[in-house]
Amino acid sequence: MDTTNIPEEPSEMTEEMKSWMEKAFQMAQDALDNGEVPVGCLMVHDNQLVGQGRNEVNETKNATRHAEMVAVDQVLDWCRKNDRNSTQVFENTVLYVTVEPCIMCAGALRLLRIPLVVYGCRNERFGGCGSVLNVAGDDISDTGAQFKCISGYNAQKAVEMLKTFYKQENPNAPKSKVRKKE
Amino acid sequence: MAPSADNDAHTSQWSLTPVLSPEEEQELKEYTSGNINPPLCLYFAAPIIDKKQISRLTQILSLQYPLPDCMKHLKRVRAQQTRLEMLLRPASLEEKMTFSKDSGADCTENAGICRSENIRKDDDTSQVPSLTDIFKDGAIDLSGLGDPFVVSVPMRSARNRKEQQVWAGIWPSTYHEKPKTVNLEEASHGGVSDEEKLRIGAHMRRAIEAAQLNQARGGKGIGAVVVDQESGKVLAVGTDRSGEKRELLLHACMVVIDMVARQQGGGAYECLAGLENEQQPKMHSVTKDDEKQIGDEKENRKRTKESSEHCTGELPYLCTGYEVYVTHEPCIMCSMALLHSRVSCVYYGCCSPGGALGTFYRLHCHPGLNHKFLVFRGVMENECKALDVGQEV
């Protein structure tokens, strides 16, 4: 999608959206400070924060614990506590996230029928909203609903945070095979 | 589908089909049929009339007219029955147009493929420019070269031994055997050994049994099993839980991924905490040398321990080296979750409409992603299909 390439702020972005995005960036900073991939996200339903998350892959040893998946579980908890129908809540919830959701998360968002995702920078390695695949927009059978994206808010900052993280070595990654052989 | 008479577990009729990338699919098709059509392009070549000049010519050509990176497989010199011949440089698009117009050779640039009978005759020199014209972009000392001609050469390196044989008949090329995602020889003869099929089937049976149990309790009837390839140990057996309002995303693959994480001291879903014991009955290891090892559990365990210590000396990283057996083709979320978890191989029974390991996407061999894994479909397909599924897999 061409729109994801444009670095300027998208016109559809409202002041309210910007302030939610700022909060998402604070979460990403928290992740960076805790040695996790700096991605932060919020889920907002009826102007109310119903879930938030940051990457928890290393602490759970579960590679699927991306910020979005963590936030989804918080929304489920919120629904339980407030006796709300989770299906209906997700269908009226906006996701704010500092980095384009990956292919897995984009699939999850489809399954939950989240209608709108606002994100900062592209995810060149795993992006599921146009960078590697367009899970958000493709016409996939039996896989929930397509969703709309507004991208580009503070993209530069999101990229810088990722760069800072990837400069450090991931202590949990397996030793390289080359080293093992020697 | 009608339930087949030999629905019996041990004689079940199913075949293991590798899910390949479009390129691999084409390669396998050509390999199996033996009908290999090499993509060709045209080069200028010339006979060597003074052998003493070979090393000088080779040197100067590699400096001034180096082979493009994608053509490095070509050897500069070939030995024909009566003489040696040397590749000079690729023919340009305009030059090719002239040849095909005049000689009627069916070598279109777009198709890039010429059938061997259409390969230009080497002695057809009617339209070939002179050596001086060929090297007009940088004159070189031409001594030692005879009258130039045009020759078809393979446009890329050979991908397998059969291709290499065909390539050799066209122009000598180097061939480096690359690790294959799938054994072509095996795949072209209809798959794996009976022994291996038995092993795969036994693990899938575990997934099907779990799915049946899940279905009986009102679930969607989708099951998944994680197996450590090296030891043959079953690490997790799980089923879809997404029917629960509270666990919308807990498809079978997401469940077993978290069960593995839990065994490694992690885990995210509290609802899965007690499950390992409930769904992990007897230790079930089916390895290649099962028959030898059977009844010698101690020896087996020792071997497993040793080999895992020998290989890593530490806890496994996510699902590295693990196989996943799942009754239905995983959706895009689950497929990417498996990729993030770095599984080594996925076996599934039947295809899903929105499936991402072959049906809608082929995520496991997507060129833009950092981890690739093997995928096979069709494992006990009928039994898997018979599990009545809900809407979303």
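Looking across region B:213-238, the residues that are touching a residue at least 12 places away in the same chain (Cβ under 8 Å) and part of a loop (DSSP other than H, G, I, E, B) come down to B:Gly218, B:Gly219, B:Lys220, B:Gly221, B:Ile222, B:Gln229, B:Glu230, B:Ser231, B:Gly232, B:Lys233. Quick one: is B:Arg241 within 13 Å of chain A (Cβ to nearest Cβ), buried (at least 18 other Cβ atoms within 10 Å of the Cβ), out of contact with any strand residue (DSSP E or B) (no Cβ under 6 Å at 6 or more places or on another chain) and not in a loop (DSSP other than H, G, I, E, B)? Against the criterion (within 13 Å of chain A (Cβ to nearest Cβ), buried (at least 18 other Cβ atoms within 10 Å of the Cβ), out of contact with any strand residue (DSSP E or B) (no Cβ under 6 Å at 6 or more places or on another chain) and not in a loop (DSSP other than H, G, I, E, B)), B:Arg241 does not qualify.
Considering each of B:Val255, B:Val260, B:Val227 in turn, give the residue that is β-branched (Val, Ile, Thr), away from chain A (no Cβ under 12 Å) and surrounded by 16 or more Cβ atoms within 10 Å (Cβ to Cβ). Give the derivation first.
Details: B:Val255 fails: away from chain A (no Cβ under 12 Å); B:Val260 fails: away from chain A (no Cβ under 12 Å).
On inspection, the qualifying residue turns out to be B:Val227.
Would you check if B:Gly274 is at pLDDT below 85 and at positive phi? Even if it seems obvious, please write down each step before you answer.
Numbers: at pLDDT below 85: yes; at positive phi: no.
No, not satisfied.
In the list A:Glu100, A:Glu59, which residue meets the criterion of being out of contact with any strand residue (DSSP E or B) (no Cβ under 7 Å at 6 or more places or on another chain) and either within 10 Å of another protein chain (Cβ to nearest Cβ) or charged (D, E, K, R) (or both)? Every option except A:Glu59 fails the conditions. Within region B:93-143, if we keep just the residues that are in a loop (DSSP other than H, G, I, E, B) and in contact with a strand residue (DSSP E or B) (Cβ under 6 Å, 6 or more places away or on another chain), the residue that is modelled with the highest pLDDT turns out to be B:Val128.
Only residues that are part of a helix (DSSP H, G or I) and either crowded, with 21+ Cβ neighbours inside 10 Å or without any contact (Cβ under 8 Å) to a residue 24 or more places away in the chain (or both) were counted across region A:40-69, and they come to 6. Would you point out which residue out of A:Leu111, A:Leu95, A:Leu116 is more than 10 Å from the chain's Cα centre (by Cα) and away from every other protein chain (no Cβ under 11 Å)? The match here is A:Leu116.
The values are calculated or read from the model by the stated rules, or taken from the named source; none is laboratory data. Note that the coordinates shown come from a computational prediction; the quantities given were computed from them, not determined experimentally. So basically every Cβ, Gly included, is an ideal-geometry build from the backbone, and we count neighbours across all protein chains shown.
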